[in-house]
Structures are given as C-alpha cells and as structure tokens.
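Okay, so here's the structure we're looking at.
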Amino acid sequence: MTISPAPDQWHGQSPTPISPADAYNGYIAANVIFALDRLGLLDRIERGDVLYREDLGRQPAADTDRAEAVLRAAVGCGYLKAEEGVFLPTETGREAARTRGYFTWAVGGYSEVFAHAGSLSAGTARYDEDVHRDEAMVALGSGQADRSMFAGLLHQVLADVDFEAVADLGSGTSARVQRVVSQRPGTRGFGIDISEPATRLARQDIVRAGLEGRVEAIRGDVLDILAGGRDLGAVADVDTVMSFLLLHDLLADPKTRPDVLPRMREAFPRSRTFIFADTMLRPDTGAEDKLPIFSAGFELAHAMMGVPLHTKDTYEDLFRSAGLRIARTEAMATPHSWLYVLAAD
Ligand SMILES: C[S@@+](CC[C@H](N)C(=O)[O-])C[C@H]1O[C@@H](n2cnc3c(N)ncnc32)[C@H](O)[C@@H]1O
C-alpha cells in the first residue's frame, strides 16, 4: 500500500484571528476573482499576459465601464498592476487565477448559502426550500480545480490502472472522464450526475471535444442507482469506477451510510478498481492559529445544508467493511482531501 503524507500547507496559510479589515477585504477579493473569471480574463491572467482596455469589450454585451471597475478593484487587491494604460498580472494574481475553482465554488456556488447562514441557523429559512446552492457553479468550480490542481495526480495514478471502461459518479461537467478517455485510446467513459445544467454542459463539451460515442453524460441520481431504482444497461459493465468530491453527499444519511459502498459494488459488479477522492473533516491538531484555504468554507456550507462530514478513519473503515482493499492513498492539492485507489480483489 502506498500512502503519501499530508502536506504542511493543509495546516493553514491564513493567520487567525482574521482581522475585520482582512475579513471584509477577503470577501471583496473573492468576489473580484470570480468576476474576473466571468469576464473571461483568468486564462490570460494565469499566463501573465498583459491586459488591454480593448480586452474588456470582447464579450458581446460587455459594459466596459463596469469591467474596468472590476480591474481597478483587482489592482486594489494586488492581483493586477496598472501601468500606462495596460494591466499586468502579479504573481499573486496568477496564483488566484490558477486556483479559480475555489472562488467559482464559493462565490458562484455557495454565496446564497453563506449569506443565509444566519437565517438557516435561526430557523427562519430552510435549505433547499428558501435557500439553494447553484449546482452548475459547484460543478464548474470543481471542474476548474480538477484541471489545474488534481489532473496530474490522477494521470499518475491511472498509469498503474488497466481499464477499458470507466464510470465517474457525480461527474459534474464530465471534464475528468473526457480527459481520462481521450488520453487512453480504445477506452470508453460514462459521467453520471444528478444536475440537469451540469449534464447539459457536459453533453455540449463532449460534442465539442469530438468524443461522442466514447463518452456519454447521463443524468441520474447515484443514490437511486444504488437503491436499484434504475437499470444502468451497459454502464453497469465498467471495469473502473471513479468518484470525486461526491462521497460525503452519498454518505449523508446515517441509515443508509453502511450500505452505500456494498451497493456500489453490486451496481458495478465487474469493477475491479474504485478511485475515490473526497474532502474530509480536519483532524483536531490543537494548532488553530492558521486557516488553510477551502476547509472552513467546505465545513460551513455542508453544516448549513445538513450534510455531515467524516474523518479519514471513517472513510477507511467504510472501505474495508465493503471488502475494498486500500491499494494507494494520495494527498490532494486541496487541504484535507485524499485520493484512494481501492481494489475489489
Ligand atoms: C462537488 S461536485 C464534484 C464534481 C466532479 N466530481 C468534480 O470533481 O469536478 C459534486 C457533484 O456531484 C453531483 N451530485 C450530488 N449529488 C448527487 C447524486 N446523488 N447523484 C449524482 N450526482 C450527484 C453534483 O451535481 C455535482 O456535480
């Protein structure tokens, strides 16, 4: 069994207590990074390309005055430098662009949930009735994080896995399954996701990538599949099952939690390899003078949605009870997130 150690940065980069000025400015900065993405500028910023004022008018309905205000705010945050009519990305701006997935996830996906943390906790609003997350943005943010932060690790891991057909459960925009299949000639892939907008985006991307016939995006609830409520046809014959950042949702209900993985093995009886990655509860280290990126937001969002999170030990117990052997454990770039390669021997 291979186990990689937890990286130091998981234990925090932002000093706490967070001053009111840092809290306020961090909130604005997160919104600015997300706005730069919506303006389509983050690829250029990530590359360190100069931004010209003319770049702001490229989107059909662009309001250049407002877009320029976003750039000025990015200068204020230190992400760009204004010089003689152009904007130059700083190193921190490039890093913010590289890690854009966190901001799409938090601002695009969960801003309504965070803004209503008070009313959800006071009982004056209910999650999924009055307050919603934006599932397409959650899927898009996860896809961005996958491309810039997780793809290399999965590529390395898959180098040791012999597969012909793979299913990705909770596949979001199916970006991962498309990449994995396009890198291995002769293979096929299926992305299964509950979200209608994410599945629509996935289908468009599959056509654009010329992967029709090799990759299929299916809209479906994995819990329904595990409960036997849906005939999977050829999908049930895959030899490898992946699932990234979904397992905590599948394990939310304590009554069905112990059955989730055994049912998954029954639903995909030919699968010899299961590759699972998820963000887990932070261990209590007693050192609370620094906060890593992501963890506190992930924990708060799930508490507001009523989805419990689990420690690494709980995941490993569940894997073993389902008869899955832990062949490999890798620390991911996102704090407190682990990737497991599990063998169904
Ligand atoms: C955090 S995102 C991760 C997306 C993708 N796996 C990735 O890593 O980029 C979780 C995804 O799971 C999907 N999802 C949540 N519950 C689901 C369920 N019961 N069945 C299928 N998909 C589900 C969501 O729509 C979302 O796209």
### Query
If you project the alpha carbons of the range 108-208 onto their three principal axes, what span does each projection cover, largest first, in Å?
53, 26, 19
### Query
On full extension of the chain, what length is gained from residue 50 through residue 83, given 0.36 nm per residue of separation minus the C-alpha to C-alpha distance?
10.9 nm
### Task
Considering only 14, 174, 182, give the residue with the highest GNM mean-square fluctuation for the chain, with springs between Cα atoms whenever their separation is below 10 Å.
14
### Task
Could you please state how large a percent of the accessible area of the chain is carbon and sulfur, counting protein chains only and using a 1.4 Å probe?
51
### Query
What does the convex hull of the alpha-carbon atoms of the chain project to on average, in nm²?
19.1
### Message
Loop-only trypsin sites (Lys or Arg not before Pro) in the range 91-127, please: DSSP not H, G, I, E or B, and at most 11 other Cβ atoms within 10 Å.
### Response
none
#### Entry: Potential extension, residue 43-residue 66 segment - 0.36 nm per residue separation minus Cα distance
6.3 nm
### Message
Can you tell me the orientation of helix 20-38 relative to the chain, as the angle in degrees between its alpha-carbon axis and the longest Cα principal axis, to the nearest 10?
### Response
80
### Query
Can you give the net charge of the other residues whose Cβ lies under 13 Å from the Cβ of residue 42, counting K and R as +1 and D and E as -1?
+1
### Query
In nm, to one decimal, how far is the modelled label at residue 151 from the one at residue 135, with both set 7 Å along Cα→Cβ?
2.6
### Task
Find the relative contact order for the range 139-343 and round it to a whole percent, using C-alpha pairs within less than 8 Å whose residues are 6+ positions apart.
18
### Message
Suppose a student asked you for the relative contact order of the chain, using Cα pairs under 8 Å spaced at least 6 residues apart; what percent would you report?
### Response
18
### Summary
The extension gain from residue 296 to residue 259, computed as 0.36 nm times the residue separation minus the Cα-Cα distance, is 10.5 nm
### Message
If you consider only alpha-carbon coordinates, what radius of gyration and Dmax does the range 16-98 have, in Å?
### Response
12.8, 43
### Summary
Answer check: the range 209-269, Cα atoms, Kirkwood Rh, Rg/Rh ratio of 0.99
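The values are calculated or read from the model by the stated rules, or taken from the named source; none is laboratory data. What you see is a predicted model, and the numbers here were worked out from it, not measured in a lab. Quick reminder, even Gly has a Cβ in these numbers, built from the backbone with ideal geometry, and neighbours come from all protein chains shown. These area figures cover heavy atoms from the full protein model, side chains too; ligands, DNA and RNA do not enter into them. Shrake-Rupley method; radii C 1.70, N 1.55, O 1.52, S 1.80 Å.
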